[in-house]
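Inspection log for the structure reproduced underneath, given as structure tokens.
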Amino acid sequence: MCGIVGYIGHREAYPIILKGLKRLEYRGYDSAGIALYDGNDIKLSKTKGKVADLEERLEKEISTKGSLGIGHTRWATHGVPNDVNSHPHFSNSGNLVIIHNGIIENYDSLKKELLKRGYIFNSDTDTEVLINLIEDVMKQDGIKLGKAVQVALNQVVGAYAIAVFDKNKPNEIVVARLGSPLAIGIGDDEFFIASDASPFIEYTKNAIYLEDEEMAIIRRDKEVNIRKIKDDSLVDPYMQELQINLEQIEKGGYDHFMLKEIFEQPRAILDTFRGRLLIDKAIIKMAGIEDNMKKFLNADRIIIVACGTSWHAGLVAEYIFEDLARIPVEVEYASEFRYRNPVIKENDVVIAISQSGETADTLAAIKLAKSKGAFVFGVCNVVGSSIARETDAGAYTHAGPEIGVASTKAFTTQITVLTLIALRLARAKGTISSSDYRHHLIELELIPEKVEKALKSDAYVKTIAAIYKDVKNFLYLGRGYNFPVALEGALKLKEISYIHAEGYPAAEMKHGPIALIDENMPIVVIATKKGHYEKVVSNIQEIKSRKGKIIGIVTEGDYSVRELADHVIEVPDTLESLSPLLTTIPLQLLSYHIAVMLEKNVDQPRNLAKSVTVE
Ligand code: F6R
């Protein structure tokens, strides 16, 4: 969702902010803008469209001079995407300027009050209401910007990460957060502000992540002063050393981040089990699990909460946990769970899965589960993210930054972490024999090289993409462990190519979707040898007799499906429980190539955001 960048220091702010906005493009946005203090006044340029459009326009419209500035990429919530609604927004006097990520829920009542007091509004945004509220507080109470931001935010209901400055006080920026991330990069006599650390990692490795309900007054050449918004108490900042490097957030020779991230999966999976899967000793070591083993062993059931692709990883985990550790599992959409008054018992363990660690619904589901006394375990990729901090314990996926909006390596590394947890619990509970356990560990260790092999299908998958790129509908079928993979394959295609696709359990096809099948319908069927192979082959026969076009995802050396299918894509053999880590690879590649052939914006598909920080 919206991206925030800011700079105050001794360098020119514009190139830092512009590059920073480009780095944040992955979050998803529809317009962009920058405000700079040129030593005299605030100069602002903004536009609907991409950062490249802004760059072209801004350099014609305003001077790029100045060592204080803020920039924004907007994902529309209040008001359509257009130039006027884009951020930054001025206050009525033109003295203050703001950028905002989030939603002010009570903006309507605040706006009515301000209208009564003579304020005028140019845009339809909640953000313009907030900056005028801050101005109004400053005027009425005769107080400085920092205090006015605090007073105004105490009247606000909603979520925000904001950065504001006053042209009469060009030596400070005020920032605040509630529910939307905000990082402050600490350099030598200079400070950077951003929604995540990617805009400033080449300048500093030191960052402070604001917590919810905190604000900071950042003074040029001085320190950062952090306070609680509610009671004004001072906060001792925790400076974190950043682990990411520039290479990880660049395309590294690939045409798109999504393709880079698909091909990174062997390494990402290896990083996920590095130091955790100790094959020589036949043990799995995960601090978050060991420290809370009692809670897991006493669990009557596990409730998994997540959204989107992470929810699909949760569905795969349901099979693994029930199969190996014999713990009942329920997998819930976080957005439904949070509003359902769910029954949560003392011995329930909740696992929240999230790549970004910022998904608003997942965060709310965690808070609800905690309020009902549940122990909540997080599986996140982004270190230090809100979900990682909100959960009682957790395990990081260590996939490295995922920039493409369509999740790929996050999915396979989430499954890897959840598999490790299930195996560890199965061993502790004695629900798996030691030979079976060892077999799983050995097979798991082989997964990175098998993913590498599965990636070799890339060129062939591309030829299949060329055949089907113009169809209007796709069907994806799978059974057992591979049913969630069918859902994930369909989601990937929808997201980046805008082709309608449905994922279904293969056997359910007879109860409805079979009516859709004719000679124009491509059906991707996951039919690996382990699992319900014969049953799936029967389903393929049913499709064949209705003339559907069959794309089979099969185990290496399979001949039966080859005889029936129009195309087969082979993946290496493995245990059924690990097969999603391989079968998902050709589905990612298929959606990628179709989207590229259709000339879609693969890394930033329309309407989508990388981290969904609003409901
Ligand atoms: C799909 C995708 C989304 C996310 C979902 C949850 O490719 O990226 O469906 O999976 O928005 O996001 P996280 O995992 O960050 O909570």
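The values are calculated or read from the model by the stated rules, or taken from the named source; none is laboratory data. None of these values were measured; they are calculated from a predicted model. Reconstructed Cβ throughout: ideal geometry from the backbone, glycine too, with neighbour counts over all protein chains shown. The area values use the complete protein model at the heavy-atom level, side chains included, leaving out ligands, DNA and RNA. Shrake-Rupley method; radii C 1.70, N 1.55, O 1.52, S 1.80 Å.
Identification of strands (runs of 3 or more DSSP E) wholly contained in segment 219-315 with 2 or more residues that are within 16 Å of the ligand (Cβ to nearest atom) yields 301-306. Answer yes or no as to whether Lys600 is away from the ligand (no atom under 16 Å from the Cβ), open to solvent by 10 Å² or more (accessible area, probe 1.4 Å) and part of a loop (DSSP other than H, G, I, E, B). It is false that Lys600 is away from the ligand (no atom under 16 Å from the Cβ), open to solvent by 10 Å² or more (accessible area, probe 1.4 Å) and part of a loop (DSSP other than H, G, I, E, B). Of all the criteria given as (1) at pLDDT 95 or above; (2) assigned to a loop (DSSP other than H, G, I, E, B); (3) of a type in the set (Gly, Ala, Ser), the one not satisfied by Ser611 is (1). Residue check, Glu495 against (1) among the acidic types (Asp, Glu); (2) assigned by TED's automatic domain parsing to the domain that holds Lys529; (3) assigned to a helix (DSSP H, G or I); (4) more than 24 Å from the chain's Cα centre (by Cα), all met but one. Which one? Just one mismatch for Glu495, condition (4). Give segment 518-554 a look and list any residue that's modelled with pLDDT of 90 or more, open to solvent by less than 90 Å² (accessible area, probe 1.4 Å), assigned to a loop (DSSP other than H, G, I, E, B) and farther than 14 Å from Ser579 by Cβ, or say none. Hits for segment 518-554 are Asp518, Met521, Gly548. Kindly evaluate Ile62 against the criterion of being open to solvent by 10 Å² or more (accessible area, probe 1.4 Å) and in the same structural domain as Lys167 (by TED's automatic domain parsing). When the stated conditions are applied, Ile62 passes them.
Residues that are within 15 Å of the ligand (Cβ to nearest atom) and among the aromatic types (Phe, Trp, Tyr) were ranked within segment 455-501; the one that is surrounded by the most Cβ atoms within 10 Å (Cβ to Cβ) is Tyr476. For Pro605, the criteria (1) within 14 Å of the ligand (Cβ to nearest atom); (2) surrounded by fewer than 22 Cβ atoms within 10 Å (Cβ to Cβ); (3) over 15 Å from the mean Cα position of the chain (by Cα) hold in every case but one, which is (3). Tell me, please, whether a residue that is open to solvent by 60 Å² or more (accessible area, probe 1.4 Å), within 16 Å of the ligand (Cβ to nearest atom) and assigned to a strand (DSSP E or B) can be found in segment 319-339. For segment 319-339, residues open to solvent by 60 Å² or more (accessible area, probe 1.4 Å), within 16 Å of the ligand (Cβ to nearest atom) and assigned to a strand (DSSP E or B): present. The condition (being within 18 Å of Leu153 (Cβ to Cβ), among the basic types (Lys, Arg) and either in contact (Cβ under 8 Å) with a residue 60 or more places away in the chain or surrounded by fewer than 23 Cβ atoms within 10 Å (Cβ to Cβ) (or both)) is satisfied by just one residue among Lys260, Lys251, Lys230, Lys205: Lys230.
Quick grid of which residues meet (1) in contact with a Pro (Cβ under 8 Å, 6 or more places away or on another chain); (2) on the phi > 0 side of the Ramachandran plot; (3) modelled with pLDDT of 95 or more:
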site	(1), (2), (3)
Ser67	no, no, yes
Thr77	no, no, no
Ile99	yes, no, yes
Glu105	no, no, no
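Of the residues making up segment 581-596, not a single one is away from the ligand (no atom under 16 Å from the Cβ), in a loop (DSSP other than H, G, I, E, B) and either touching a residue at least 40 places away in the same chain (Cβ under 8 Å) or among the basic types (Lys, Arg) (or both). All told, Pro170 meets the bar of being open to solvent by 10 Å² or more (accessible area, probe 1.4 Å), assigned by TED's automatic domain parsing to the domain that holds Leu18, touching a residue at least 60 places away in the same chain (Cβ under 8 Å) and not acidic (Asp, Glu).
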